[in-house]
Amino acid sequence: MMNEERRELIDCFVSESRDLLDEIEPQIIELEQNVTAAGRIDKRLLNHIFRLFHTLKGSASFLDLQAIIQVTHQAETLFDLFRSGRAMITSMHVDLFCQVTDFIRRVLEQVEREGHDRSFEGDAQQIEDALVEAIRSVSSDGEPAQEEQGSSGNDLGMDKEEQAPEDIEITAELIKSFADEGLELCENAESTVLSLEQSADSDSARQAFRAFHNLKGNAAFLGLPGI
């Protein structure tokens, strides 16, 4: 039986995750269509999908939903190969990513009812195995890409998926957008934390967590590990 606070967190997670999946799925199809029509990968679209999977994995980690964490981690790794230009996305990969999103939707139904994703271990393992095999097949050395480490990111103690994308141009406009949004997130987090001193309610705690989580994700995307 879930307590009230976890029930609220679960409801928020399920709703946001479904929104993320609604955004991811058509973009995966669009990505394949771009490759088929133009023979090239839309890097902007790739990076956006990668960030959506990363957000989904981070939210699942907060609730310890291991089946979702397991498959989204490998999906991130495969997408990172496409982002780096080491592989070209094909219809096989699109089918695999669609299996991932379909699986997550099924898991969300149980999470919504019961508050956990147990009983999906076997299905998660099958999808993870398929993703790992796809990673091996497109990796130049035949090893899963998550085993490789970039010197710049790891010197700073960052996980591979939290390193700044190599193909992103850090423009003044991008930095200004990050700074403006970061200041707004900090102000929201500060006011929410102060309100917790008066009344420790779950809505305020969740709002503060989301502000810090979004700030961390944006900073990692730009390669700012200090934040």
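Numerical summary
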| item | result |
| --- | --- |
| Residue within the stretch 116-127 that is assigned to a helix (DSSP H, G or I) and touching a residue at least 60 places away in the same chain (Cβ under 8 Å) present | no |
| Failed condition for G115, given (1) of a type in the set (G, A, S); (2) within 30 Å of E5 (Cβ to Cβ); (3) assigned by TED's automatic domain parsing to the domain that holds L65; (4) at pLDDT below 75 | (4) |
| Odd one out for L45, checked against (1) out of contact with any His (no Cβ under 8 Å at 6 or more places or on another chain); (2) within 19 Å of E16 (Cβ to Cβ); (3) assigned to a helix (DSSP H, G or I) | (2) |
| Only one of V14, V94 that is more than 11 Å from the chain's Cα centre (by Cα) and more than 23 Å from S139 (Cα to Cα) | V14 |
| Residue in the stretch 53-62 that is more than 21 Å from I127 (Cα to Cα) and out of contact with any Pro (no Cβ under 7 Å at 6 or more places or on another chain) present | yes |
| Complete set of residues in the stretch 178-197 that are among the aliphatic types (A, V, I, L, M) and more than 22 Å from the chain's Cα centre (by Cα) | L183, V193, L194, L196 |
| Residue in the stretch 99-109 that is touching a Leu at 6+ places or on another chain (Cβ under 9 Å) and either farther than 24 Å from S15 by Cα or aromatic (F, W, Y) (or both) present | no |
| Residue in the stretch 24-31 that is assigned by TED's automatic domain parsing to the domain that holds H73, assigned to a helix (DSSP H, G or I), surrounded by 17 or more Cβ atoms within 10 Å (Cβ to Cβ) and in contact with a Gly (Cβ under 6 Å, 6 or more places away or on another chain) present | no |
| S61 vs. criteria free of Cβ contacts under 8 Å to residues at least 12 places away in the same chain, in the same structural domain as F120 (by TED's automatic domain parsing), polar (S, T, N, Q) and surrounded by 14 or more Cβ atoms within 10 Å (Cβ to Cβ) | yes |
| Selection count where residues are within 17 Å of R106 (Cβ to Cβ) and modelled with pLDDT under 90, scope the stretch 64-84 | 0 |
| Pairs, first in contact (Cβ under 8 Å) with a residue 12 or more places away in the chain in the stretch 81-100, second in a helix (DSSP H, G or I) and aromatic (F, W, Y), C-beta under 7 Å, six or more apart | R83/F50; I89/F82 |
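The values are calculated or read from the model by the stated rules, or taken from the named source; none is laboratory data. Here the structure is a predicted model, which means the values were calculated and not measured. Don't worry about glycine lacking a Cβ; one is built from the backbone with ideal geometry, like all the others, and counts go over all protein chains shown.
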